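One structure is given below, encoded as structure tokens.
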Amino acid sequence: MKENVIDVLLYLFENYIDSEDSVKPDKDALELELEQIGFQEKEISKALDWLDSMTVLAGEQPSINASMRMFMPAELEKLDVQCRGYLLFLEQVGVLDTDTREIVIERVMALETDEIDLDQLKWVVLMVLFYQPGREVAYAWMEDLVFEDLEAVIH
């Protein structure tokens, strides 16, 4: 089974992070469960490190007042025009502010993939918003967008 860090993150998010269940498994139990499902140890470790970094970023709100975002060459390679346009859209409608946009871009760049598609970007945005204090309304709005898109694909 060839899985990547994004797949592990999606599994964790869908099954634990956004769960109403108050009982969360400890790290060792979680790693064991993920290995039993078929995720590779290396990818599990990277995903858990990615989430640990998210909690650090949530407490370190940068203050960016730039009116226009210029993407670095590596960001242009990883985020295609559709993804960059979607980030701009989310910023224009108020789901992302400049600070959360930068966290999303930083988290995307931390993923060890050459490219990220729009669906994966939406999940990263959702995960980032989940960890940002005071962004509950934006999270709920984004959650609706992600799950409406999923329902459209299923039907």
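Can we say residue 115 is within 19 Å of residue 6 (Cα to Cα) and touching a strand residue (DSSP E or B) at 6+ places or on another chain (Cβ under 9 Å)? Talk me through it step by step, then tell me what you get.
On the way: within 19 Å of residue 6 (Cα to Cα): yes; touching a strand residue (DSSP E or B) at 6+ places or on another chain (Cβ under 9 Å): yes.
Yes, satisfied.
Kindly provide the set of residues from the stretch 81-114 that are in a loop (DSSP other than H, G, I, E, B) and exposed (fewer than 15 other Cβ atoms within 10 Å of the Cβ), ordered by number. Residues satisfying the conditions are 93, 94, 112, 113, 114. Taken together, 29, 47 contain a single residue that is small (Gly, Ala, Ser) and either modelled with pLDDT under 75 or closer than 25 Å to residue 139 by Cα (or both), which is 47.
Of 145, 121, which residue is at pLDDT below 85, within 26 Å of residue 77 (Cα to Cα) and part of a helix (DSSP H, G or I)?
Values: 121 fails: at pLDDT below 85.
Just a single option satisfies the conditions, and that option is 145.
Can you tell me which residue in the stretch 5-26 is surrounded by the most Cβ atoms within 10 Å (Cβ to Cβ), limited to those that are modelled with pLDDT of 70 or more and farther than 11 Å from residue 44 by Cβ? Residue satisfying both the conditions and the ranking: 6. Each residue in the stretch 124-137 was checked for being farther than 17 Å from residue 71 by Cβ and in a helix (DSSP H, G or I), and 8 of them qualify.
The values are calculated or read from the model by the stated rules, or taken from the named source; none is laboratory data. Predicted model only: the values in this text are computed from it and were never measured. Please note: Cβ atoms are built from the backbone with ideal geometry, for glycine as well, and neighbour counts cover all protein chains shown.
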